[in-house]
There are 2 protein chains.
Amino acid sequence: MTGAVIYLPVKILMTQEETMEKLTGACLFGQSGGPTSVINASAAGVFTEALKQDCITGVFGAVHGIKGILNEDLIDISKEAPGELELLKTTPSSALGSVRYKLADPDKDDSDYRRLLEVFRKYDIRYFFYNGGNDSMDTCNKISKFIQKAGYKCRVMGVPKTIDNDLSGTDHCPGYGSAAKYIATTFMEISLDARVYDTPMACIIEVMGRNAGWLTAASALAAYKGAGPDLIYLPEIPFTIEKFRKDIRGVYDKNGGKVIVAVSEGVKDSKGRYVVEMVKDDLAKDSFGHTQLGGTASVLADIAKEELGCKVRGIEFSLMQRCAAHLASKNDVEESFLAGKTAVIKAVEGMTDHMVGFERAPGLAYRCDIKLINLSDVANTEKTVPLEWITSDGTFVSQEFIDYALPLIQGINVTPLDEGLPKFAALKKIRIEKK
Amino acid sequence: MTGAVIYLPVKILMTQEETMEKLTGACLFGQSGGPTSVINASAAGVFTEALKQDCITGVFGAVHGIKGILNEDLIDISKEAPGELELLKTTPSSALGSVRYKLADPDKDDSDYRRLLEVFRKYDIRYFFYNGGNDSMDTCNKISKFIQKAGYKCRVMGVPKTIDNDLSGTDHCPGYGSAAKYIATTFMEISLDARVYDTPMACIIEVMGRNAGWLTAASALAAYKGAGPDLIYLPEIPFTIEKFRKDIRGVYDKNGGKVIVAVSEGVKDSKGRYVVEMVKDDLAKDSFGHTQLGGTASVLADIAKEELGCKVRGIEFSLMQRCAAHLASKNDVEESFLAGKTAVIKAVEGMTDHMVGFERAPGLAYRCDIKLINLSDVANTEKTVPLEWITSDGTFVSQEFIDYALPLIQGINVTPLDEGLPKFAALKKIRIEKK
């Protein structure tokens, strides 16, 4: 591996016969779920391609995803300057605004679906592109099924996005490579910093990932370069505080009083209890009913301090790991753009109800072909780190993971600067007049 | 300001007549205190210049600063490959190892000083360069006075280093510009990410700086670019929880339920109590009975949640702000290198007992001249943010701060990569045989 990445042209693997029926009308794009540093690159891909297509009569963006559609809060992308759309490739977060809104089961309550269909009809939306993770693909799927049943012609395509890398059916997800690059680079830097004194120390670093350990595993890339964690705990392997104590004690004694740990926010014991729950019974619940995470590093740092009696730091990568666009992988940015662009091209050609995904071509050099995955196959499933890539003691990942992840972080995505600081896209967001 | 930086040649402002007496012998360099992402650039400056000088018969590095000298744990820099010394310019943390060791008052206990002198004599150390902050300059000063009194000829020069930017007598300190760039860039990215939903949120971000607010103030650079904090709390202004509640409530109500706060870890009330102490009487004990460190963001996040009732995130920039070499300011790296190089040149010319500092030249374009500051004038003093640069309500900084800080973050310091990850210096660290 020399760091070189083979980009386009990719092969597009088709999974369904194309209908090739011409469909004319407006297109609508929305962003959903937690943002990434490259989700806007997919928006750029959708917008620039849609603006080129003759059969697409209007290019609209939904403000805050589904909520924006329900509220008819739509912006006219054709009014944006091409330079600003280009800047989307280096602008983190969701430029249109994101949303966490779960549609009801249409068999139980179809009011939202009827409202969506009403808005689609009103603005002649014939192409709908939704950019998000598992939940969003489920949303796409439900909307598509509902409007098909109603006899309304609209092609619905999912554009994948998640730093968690947990979407099934695709080799990897746009967003993961850049987050992994941030995590690996930052682990390398911290590893040097934390070891600077000749006094004992432990450092517990918490990485995102509720059920899948892909992000935390990326810290192994730092270790592969000689400056990473000693122990890596993923949610795929049941976690116990007793084993954690034994593991850190072992490394600490062997390494002259130094230990660095990467731990996923989502590690849990065999009963499914998170670290915070193991320690405290009455864990605060957030307003969405999910168990509130975070605090894993802080709790484990306390335990490490008790166990080792040395200086201990608990560190959370928090939002930084998903918005550090200044450190984005060029590979990831290009693939994210391509995912958006391909969704438009294939929808115009007749495809619907699919998510754009990637399939790694065989061979030593990295290349991914585009494939299209049925939304029903991807919705609400989660792809976790293969157990055979996790070492038998459950505290590290194998070379297979390195071989998998290393190509995804390649390439420097040069961020335009203004006086030394990032120049982000500033969309005008001109609203479409409500009909 | 176009982002252009005027680098060398700088003028060197002399503060003392040079002796010009030739002194032949070995030189010794050590690193001290908390590391930065550019402290090794100063090491590179000292090493490359010292290796060139005829009167310097050996170039030694002290492993873990003063401790390495006391233990005769010294490495031979002439055995290092020039390419690795070059890589020091992009390698964070202290490559030789750092130390926090306070020498006793020599009038009370001079045993360490006698031991240092013994080592200096044994290895014929005639040039001593120490790289650090306030404490280290004090150490330099005490050592120099002691060995002068003993009649041993050795020139002692301080090389400044601190992300805190609190050394007096110099316009700014090597290390600050890069940390400020990390803080400003990361605030911009987080600011976009945190505002992504249409639901209310507060984000409390804790930045280093116990007594000086320079680092936290750097978040204003992000606001200057339109994506920064709404409120900035520095240790220079007494902090009360009551006013904090009022301030966040005001911004939250005005900004449609969003507020982002930058807070220094060192904010304290008029009695000198830190936030954690204000909230809990006996400096919060964790569940295992240890004194809890840090936690300002976490405590204030809890208070914000109580005050606003919305989703709140507490974020600490932790070690990342001082070791993010991938985002170093080129200006900072060049000045750090220059500080080390100048210390050697001036010592060889006859100077001793001074720290290398910077004086900003008048005019619109940024330029700093090198000046030499007497160690007695810099030791153990702290330079804080001028009160006239802080807005009257104590929650932001003025344009004067922007004009001061913006030039310091300029320039991209390109980090050599290996398979997409930083390639750090790997010194051989060949020990000098103990005499």
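The values are calculated or read from the model by the stated rules, or taken from the named source; none is laboratory data. No experiment lies behind these values; they were computed from the predicted model shown. Counting neighbours? That spans all protein chains shown, and the Cβs are built from the backbone with ideal geometry, glycine included. These area figures cover heavy atoms from the full protein model, side chains too; ligands, DNA and RNA do not enter into them. Shrake-Rupley method; radii C 1.70, N 1.55, O 1.52, S 1.80 Å.
Observations
- Farthest toward the positive end of the dipole of chain A, out of A:Ile190, A:Gly272, A:Asn374, is the Cα of A:Asn374, where the dipole comes from beta carbon charges about the Cα centre.
- For segment B:150-203, average projected area of the Cα convex hull in nm²: 6.2
- Rounded accessible area of A:Met208 (nearest 10 Å², 1.4 Å probe): 30
- Residues in segment B:178-194 that, when all protein chains are in place, have 50 Å² or more less accessible area than the chain alone would give (probe 1.4 Å): B:Met188, B:Glu189, B:Leu192, B:Asp193
- Annotation: amide H-H contacts under 5 Å for A:Thr57 (H modelled 1.01 Å from N, sequence separation of 5 or more, or interchain): A:Gly25, A:Ala26, A:Cys27.
- In sequence order, segment B:63-73 has phi-based couplings of 7, 6, x, 3, 4, x, 6, 4, 8, 6, 9 Hz under the Karplus curve 6.51 cos²θ - 1.76 cosθ + 1.60, θ = phi - 60°, and Gly or Pro positions carry x.
- In segment B:151-197, the chymotrypsin sites (Phe, Trp or Tyr not before Pro) that fall in loop regions by DSSP, at most 15 other Cβ within 10 Å: B:Tyr152
- Sites B:Lys428 and B:Asn71 - FRET efficiency at Förster radius 22 Å, r taken between beta-carbons, to 0.05: 0.70
- Pairs from the list A:Lys122/A:Lys142; A:Lys22/A:Lys122; A:Lys102/A:Lys268; A:Lys142/A:Lys435; B:Lys161/B:Lys181; A:Lys102/A:Lys423 with a Cα-Cα gap above 22 Å: A:Lys102/A:Lys268; A:Lys142/A:Lys435; A:Lys102/A:Lys423.
- The B-A contact accounts for approximately 5400 Å² of buried accessible area, totalled over both chains at a 1.4 Å probe radius.
- Based on C-alpha pairs under 8 angstrom that are at least 6 apart in sequence, chain A has a relative contact order of 26 percent.
- Placing +1 on each Lys and Arg Cβ and -1 on each Asp and Glu Cβ, with no other charges, gives the protein assembly as shown a dipole about its Cα centre of roughly 380 debye.
- For chain B: Kirkwood Rh in Å [reciprocal of mean 1/r, alpha carbons]: 22.7
- Membrane-span-like helices in chain A, defined purely by DSSP H runs whose alpha carbon atoms cover 24 Å or more axially and whose average Kyte-Doolittle hydropathy reaches -0.5, are A:176-194, A:330-349.
- About its Cα centre, the dipole of chain B is roughly 740 debye, where the only charges are +1 on Lys and Arg Cβ and -1 on Asp and Glu Cβ.
- Span per principal axis, largest first, for the Cα atoms of the protein assembly as shown (Å): 99, 58, 55
- 1.4 Å probe accessible area per residue over the protein assembly as shown, in Å²: 37
- Relative intensity, log₁₀ I(q)/I(0), of segment B:297-360 from a Debye sum that treats every alpha carbon as a point, q = 0.24 Å⁻¹: -0.99
- The figure for B:Arg195 is an accessible area of roughly 80 square angstrom, using a 1.4 Å probe on the protein chains alone.
- Global form of segment B:26-158, assessed from the alpha-carbon gyration tensor, a/c cut-off 1.5: oblate
- Debye-sum result for segment B:96-212 in log10 I(q)/I(0), which assumes one identical scatterer on each alpha carbon, at q = 0.10 Å⁻¹: -0.48
- For B:Asp369, inter-copy separations between label points set 7 Å beyond Cα along the Cβ vector come to 6.8 nm, shortest first.
- Label geometry 7 Å along the beta-carbon vector: A:Thr24 inter-copy distances in nm: 9.3
- Heavy-atom surface analysis with a 1.4 Å probe gives chain B a carbon and sulfur content of 51 percent of its accessible area.
- Nm distances between copies for A:Leu417, ranked from closest, using label points 7 Å along Cα→Cβ: 1.6
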